[in-house]
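Note sheet for the following structure.
The values are calculated or read from the model by the stated rules, or taken from the named source; none is laboratory data. Just so it is clear, the structure is predicted and the values come from calculations on it, not from any experiment. Heads up, the Cβs are rebuilt from the backbone with ideal geometry, glycines too, and the neighbour counts pull from every protein chain shown. For accessibility, only protein heavy atoms count, side chains too; no ligands or nucleic acids. Shrake-Rupley method; radii C 1.70, N 1.55, O 1.52, S 1.80 Å.
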Amino acid sequence: MTDLQTSLFIIGGAFLVGVISYNKWQEYKAKKSVERAFSGSHDDVLMTPPGKDEGEAPVRHEPKLFESEHDADAMMAAVPHDDIEQSAEQQALEPQIGNPSAGVPAAAASARRDLPVDELIDCAIPLALEAPVRGDKILPALQSLRHVGNKPIHFIGEDANGDWEPVAHGGVYSTLLAGVQLANRTNPLNEIEYSELVSRLRQIADDLGAEPDLPDMMEVMHTARSLHQFVIEHDAQLGVNIQSNGAPWAISTLQAALTRQGFDARPEGRMVMSDGDGGLLFSLSTNASAVAETTSRLTLLLDVPRVAPDRDGYGAMVACGRSLAARLGGVLVDDSNQPLADVQLAEIAGQVDAFYREMDAAEIPAGSVRALRLFS
């Protein structure tokens, strides 16, 4: 047998396998359609809400990013929110919701910031239900899909009034919207995670009698990488050090002083300053190993994008540093061990204010739910 004949046999076999596989898939889809049509477990079709006109997909402008988190002069103004046509680069941070069927673009736009599916930082995937389904039936199917990799997944549903809410017992929903977070501090959503999401979401959709409208993977990956780049550019942490002017401090005696200053000891060993509402303003490190008995340097650290401007985390941290330096016999220094003068501290405060304005322009205000999710 010649090489040509062998190749023809292989090609013919592959074609035959493809035809058989396609026919099997069509049979499977037809079978599931029949099962759904005659299933006795359907919810009352009279609860189906009237059809809705297809709306416009939400459009957002990509913000300009910091060239350096420590250089306020390098910042560029965010693109204004107007009606000019966007370029491909300006659309990098737009939510990837594919080309949904009727009602779905409006669905994504209605996903308000206080809901767990956020069209700005999540890849929103609509699931159009064949008939309204009760939350009691939906919730067990969703329990198995809460994460892909380190990216959380949330679901919301549209009720009979057209309002969106987290899927709950007692609710009845005509459309679902699944959202997987596109990025965090660690990495962007990747191809493996997205493929896993699609596979598992198809199974859930099949169980509920739904049809997912999946966005193009390449577009999702582009948006995820762009959002992760935004996180990298805005991942700013500021530190203020207190250096001993004399002998090192005994760590055992520091605990009482830090507690009087308002610090709380966390189970993992961190010392943190609370904002009074369950959040954190800044943390403290002794710069010593677990077995060390003394330290000559303390470091206060502010996670800038996770603290809202009205908390004045930077001002509170500097005030705390000055108080500790006075009580412990130390001096405020930078990372190079150079004393920090008032003029330098004021300059940094101005940079922090500019940073907050940049975050606001990006519609990801520091300390907001969006920022806490992204910078995690």
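Among the residues of the stretch 323-353, write down those that are without any contact (Cβ under 8 Å) to a residue 12 or more places away in the chain and in a helix (DSSP H, G or I).
326, 342, 343, 344, 346, 347
Residue-by-condition table, conditions (1) of a type outside the set (Asp, Glu); (2) open to solvent by less than 30 Å² (accessible area, probe 1.4 Å); (3) in contact with a strand residue (DSSP E or B) (Cβ under 8 Å, 6 or more places away or on another chain); (4) not in a strand (DSSP E or B):
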{"residue": "226", "(1), (2), (3), (4)": "yes, yes, no, yes"}
{"residue": "241", "(1), (2), (3), (4)": "yes, yes, yes, no"}
{"residue": "257", "(1), (2), (3), (4)": "yes, yes, no, yes"}
{"residue": "273", "(1), (2), (3), (4)": "yes, yes, yes, no"}
{"residue": "278", "(1), (2), (3), (4)": "yes, no, no, yes"}
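Looking at (1) in a strand (DSSP E or B); (2) touching a residue at least 12 places away in the same chain (Cβ under 8 Å), which is the one condition that is false for residue 198?
Answer for residue 198: the failing condition is (1).
Considering 189, 177, which residue is out of contact with any Cys (no Cβ under 8 Å at 6 or more places or on another chain) and surrounded by 22 or more Cβ atoms within 10 Å (Cβ to Cβ)?
177
Answer yes or no: is there a residue in the stretch 302-322 that is of a type in the set (A, V, I, L, M, F, W, C) and part of a strand (DSSP E or B).
Yes, because at least one residue in the stretch 302-322 is of a type in the set (A, V, I, L, M, F, W, C) and part of a strand (DSSP E or B).
Which pairs have Cβ atoms under 9 Å, sit 6 or more apart or on different chains, and link a residue in the stretch 184-195 that is under 18 Å from residue 374 (Cα atoms) to one that is part of a loop (DSSP other than H, G, I, E, B) and among the aromatic types (Phe, Trp, Tyr)?
Qualifying pairs under 9 Å: 184/375; 185/375.
Would you point out which residue out of 152, 248 is more than 24 Å from the chain's Cα centre (by Cα) and either at pLDDT 95 or above or of a type in the set (S, T, N, Q) (or both)?
So the residue among 152, 248 that is more than 24 Å from the chain's Cα centre (by Cα) and either at pLDDT 95 or above or of a type in the set (S, T, N, Q) (or both) is 248.
Could you list, in sequence order, all residues of the stretch 280-291 that are under 22 Å from the mean Cα position of the chain (by Cα) and surrounded by fewer than 20 Cβ atoms within 10 Å (Cβ to Cβ)?
280, the sole residue that qualifies.
When you check residue 267 against the structure, is it surrounded by 13 or more Cβ atoms within 10 Å (Cβ to Cβ), of a type outside the set (Gly, Ala, Ser) and farther than 21 Å from residue 319 by Cβ, yes or no?
No.
Pull out all pairs, ordered by first then second residue, where Cβ-Cβ is under 8 Å, the residues are six or more apart or on different chains, the first lies in the stretch 234-259 and is under 30 Å from residue 363 (Cβ atoms) and among the charged types (D, E, K, R), and the second is surrounded by 15 or more Cβ atoms within 10 Å (Cβ to Cβ) and modelled with pLDDT of 95 or more.
235/305; 235/375
Kindly indicate the residue of the stretch 292-308 that is at pLDDT 95 or above and small (Gly, Ala, Ser) and also most open to solvent (accessible area, probe 1.4 Å) among those meeting that condition.
Out of the qualifying residues, it is 296.
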